[in-house]
Amino acid sequence: PLAEAMLYAAKELATSKRTRKVLIVITDGDPDNGAAVHYLNDLISKHVDTYAIGIGSQAVKNYFEKWSVINDVKELQGALFQIAGRFLDLH
């Protein structure tokens, strides 16, 4: 379940002393609780840069501001490098 995974990750990031925090969500479909995902995004948006990668699913565009879609897991490395580049350009 995506919301539960995001909650766990947000809790771990909250205890980190690092100033720059990034959460990368990788999913293959719609979350089981979309309202909770929206709530968590709103809750952490001021403190954590969140990116989402959909694998064969466009659902991420409905829940995340910064997202991309890949069609095969073989494309994951390239998508992660793109996210790293975008994150580094912002800071």
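The values are calculated or read from the model by the stated rules, or taken from the named source; none is laboratory data. Predicted model only: the values in this text are computed from it and were never measured. Cβ atoms come from the backbone with ideal geometry, glycine included; neighbour counts cover every protein chain shown. Calculation scope for accessible area: heavy atoms of the full protein, side chains included, ligands and nucleic acids excluded. Shrake-Rupley method; radii C 1.70, N 1.55, O 1.52, S 1.80 Å.
For region 46-74, how many residues are farther than 22 Å from ALA14 by Cβ and either of a type in the set (Ser, Thr, Tyr) or buried (at least 16 other Cβ atoms within 10 Å of the Cβ) (or both)?
The first filter runs over region 46-74 and keeps only residues farther than 22 Å from ALA14 by Cβ, leaving 53-62, 67-74.
Imposing the further condition that a residue be either of a type in the set (Ser, Thr, Tyr) or buried (at least 16 other Cβ atoms within 10 Å of the Cβ) (or both) reduces the set to 53-55, 57, 59-60, 67-70.
Residues flagged as farther than 22 Å from ALA14 by Cβ and either of a type in the set (Ser, Thr, Tyr) or buried (at least 16 other Cβ atoms within 10 Å of the Cβ) (or both) within region 46-74 amount to 10.
Out of curiosity, is GLY54 under 22 Å from LEU7 (Cβ atoms) and among the small types (Gly, Ala, Ser)? Quick ask: steps written out before the conclusion?
Numbers: under 22 Å from LEU7 (Cβ atoms): yes; among the small types (Gly, Ala, Ser): yes.
Criteria met by GLY54.
How many residues does region 1-32 contain that are more than 14 Å from VAL60 (Cβ to Cβ), touching a strand residue (DSSP E or B) at 6+ places or on another chain (Cβ under 6 Å) and open to solvent by 40 Å² or more (accessible area, probe 1.4 Å)?
Going through region 1-32 one residue at a time, the tally reaches 1.
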